[in-house]
Amino acid sequence: MNALLQTHLIDDQHLLAFPKFKNVDFAPAFEEAIRLARTRLDAVANDPAPPSFTNTIEAIEFHKEELDKISLIFFNLLGANTNDELQALAKEISPKLAEFANDLLLNPSIFARVKDVYERREQLGLDTERMQLVEKTFKAFRRNGALLSEGEKEKLREIDRQLARITQEFSDNVLKATNAYLLFVDDEACLKDVPKSTLEDAKKTATEKGRPDAWAFSLHGPSFGPFLQFCSREDLRRELWLAMMSKGMKEPHDNRDNAIQLASLRHRRAKLLGFESHAHFVLEERMAGSPQKVKQFMEDLLQQSRPAAERDFEELREAKKKHTGKNDLHPWDVALYTERLQREKFRLSDEELRPYFSLENVVNGVFEHARQLYGIVFRERKDIPVYHADVKAYEVTEESTGRFMAYFYADFFPRASKRGGAWMTNFLEQGTWEGKICRPHVSIVCNFTKPSSTQPSLLTHGEVKTLFHEFGHSLHSILSDCRYASIAGTNVYWDFVELPSQVMENWALEKEGLALFAKHYKTGAPIPFELIEKIRKASTFMAGWMGVRQLSFGFLDMAWHSQDPSDAQDIESFERSQMEKTLFFPPVAGTAMSTSFTHIFSGGYSAGYYSYKWAEVLDADAFEFFKEKGIFSKEVAESFRANVLSRGGSEHPMELYKKFRGREPDPRALLRRDGLISEK
Ligand SMILES: [Zn+2]
């Protein structure tokens, strides 16, 4: 047997045996794990006994446990501590994993058994979690075409092939159009407010292109964003903005037809699978449930936030008038005057705040939140094996009973072997392994400011929120009490998964929450109240405007995906007609959003853009409940734990939420938090 598998990954003290994992062991371990899984699937398919929950649904759930364990470890290391060998192996192994997963979903004998159990599910006396597993398993087959005839299946595969090809073309076009454009500026005076690092990059790019006398700005975020925020010349801002908004609108990187094709193919695919539209197909597995619900949700929010957005618009127009004497406002002005207003109003620098947020204090603070809210404690243990010297490991237990809850790893600082960003992940999911219910191994990985020789790691407030956010995801796993890993912890519907993380960020904006940890790293003095107030005000600045902007993208997404899009011949007029109620500026010919809207056309957000606002509503509404009873209310925290954090995806999220809140989420909670409405 393979060395990696032989360690059973976990030693007798329930610890992951990190030092024993060698790069060379992964490939044979994957092969062996896939072989074991295939053998078990064959046994399910050829089982002479009649299909039952245990011999079919549970057998499928458990058939690849070695593979699941190795995959988690492998892909976590690939992201947080990679090397050339792991990267080469990932390229080799990923298609094999995809093929293996697909073989299961295309196996007719197994599907026949799943369908049999599914059809009799009401008579089997299953509890909620088992019922959820039956439905989830059946849907996975059905959504992959298992109910279709052979001819229809071939059609589905053909659509999938076309979708894959056009999706790639769409994103290639956006990238090429982005790379094909540069704006050269030789007027130094108009760039005086642009941040130094952006200017240095712009100078470097221009010099490489043979224009050392100028600065070159591109359509990439780190160049485009600051330019629109800080360049004082309107004609140049307009030029860059026009280039940005006409991406994918003309040859040789024309995406107009690709957008229509993608939406049409998705529509045909959904129809073939028995759904009214692509949005119906997607939303079947979302908390929101249906396009009607999503549209109603967005309409409600829009109606309430449009007046605030109009006030923001007026404020921006006034600001421009004050600076230039001009009465008009254009889309290429928005970033500049937003930035100026923000500077005038809040004058808040990261450097002013950092001394109050030493990493050590913030980490202890977040643990203290978990103790006060959920009664769990974190104890650092230096004897727990880790995958890199920077990683700290903790044992998490319940304070009152001593019950073991999880191992928790924290990996905070950037290094060459780690990808950028911040995320939470599991090295072992909570759920059943080797026949018994196990506690999870949870990890958060960040890229925070490193300590220097003279001072400790000092975070920005943004980084503090990031830590609270990822910690919130961690709690979803640490407190999970489910039977099946595939529906435990954070394995929930996509528009529900950000509730535990985002709600946690709220404590990092509250006086009582900050009081637990925001102390000057040298003097120990608590953070001044005025600074907290400034942070809070800055966090809702232009909330109406930004909210309506997000909604406009949500409406556009639903327009493409909740109806037959084949009659949308002209992208510009289609967009106008679908987004009209959210727009503030007259149309600019030759520009559109859809042709470079990679989120929905090549990034997995199709019929899902609304979820940004949806998640905000959930967290605002949930936190309002805490605020009503006190933000450290045991009663509310216990209910949140019992109905949300411990339940994973073992029941429909809307049901879980209603059990916690007593009703469905209220969009007005978000508007109240953003200060857009005041009444209850
Ligand atoms: Zn998140």
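Taken together, the values in this text are just the output of simple stated rules run on the coordinates, not laboratory data. Predicted, not measured: the structure shown is a model, and the values here were computed from it. Please note: Cβ atoms are built from the backbone with ideal geometry, for glycine as well, and neighbour counts cover all protein chains shown.
Observations on the model:
- Most to least packed among 560-566, 498-504, 599-605, 322-328 [average Cβ atoms within 10 Å]: 498-504, 560-566, 599-605, 322-328
- Scalar couplings 3J(HN,Hα) for region 250-264, obtained by applying the Karplus form with A = 6.51, B = -1.76, C = 1.60 to θ = phi - 60°, are 8, 5, x, 10, 6, 10, 4, 5, 4, 4, 5, 4, 4, 5, 5 Hz; x denotes Gly and Pro.
- Each peptide in 224-236, 514-526 gets a packing score, the mean of other Cβ atoms within 10 Å over its residues, and the list from highest to lowest is 224-236, 514-526.
- Relative contact order %, the chain, counting alpha carbon pairs below 8 Å whose residues are six or more apart: 15
- Low-density loop cleavage sites - trypsin sites (Lys or Arg not before Pro) in region 18-109, where at most 16 other Cβ are within 10 Å (DSSP): Lys22
- Measuring between their Cα centroids, region 68-101 and region 302-325 lie 49 Å from each other.
- Student exercise, the chain dipole from Lys, Arg, Asp, Glu Cβ charges, in Debye to nearest 20: 700
- Dimensions in Å of region 181-245 - Rg and Dmax from alpha carbons: 10.4, 28
- 3J(HN,Hα) from dihedral phi, region 644-658, Karplus parametrisation 6.51/-1.76/1.60, rounded to Hz, x for glycine, proline: 10, 5, 8, 9, x, x, 6, 8, 4, x, 5, 5, 4, 5, 5
- Amide H within-cut-off set for Ala488, under 5 Å, with H built and near neighbours excluded: Gly649
- 11 Å beta-carbon shell around Met298, net charge (K/R +1, D/E -1): +1
- Karplus-derived 3J(HN,Hα) values for region 567-584, using 6.51 cos²θ - 1.76 cosθ + 1.60 with θ = phi - 60°, are 8, 7, 6, 10, 4, 4, 6, 4, 4, 3, 5, 8, 10, 3, 5, 9, 9, 10 Hz; glycine and proline are entered as x.
- Three-way shape call for region 117-208 based on the alpha-carbon gyration tensor, with the a/c threshold at 1.5: oblate
- Computed over region 181-245: relative contact order in percent, which uses C-alpha pairs under 8 Å that are six or more apart: 38
- Given charges at beta-carbon only (K, R positive; D, E negative), |dipole| of region 181-245 in Debye: 140
- Taking the helices alone, the chain has a mean residue ellipticity at 222 nm of -17000 deg cm²/dmol, built from -39,500 (n - 2.57) per DSSP H run of at least 4 residues and averaged over all its residues.
- For region 181-245, the residue among Thr207, Phe230, His220 whose Cα projects farthest onto the positive side of the dipole built from Cβ charges is His220.
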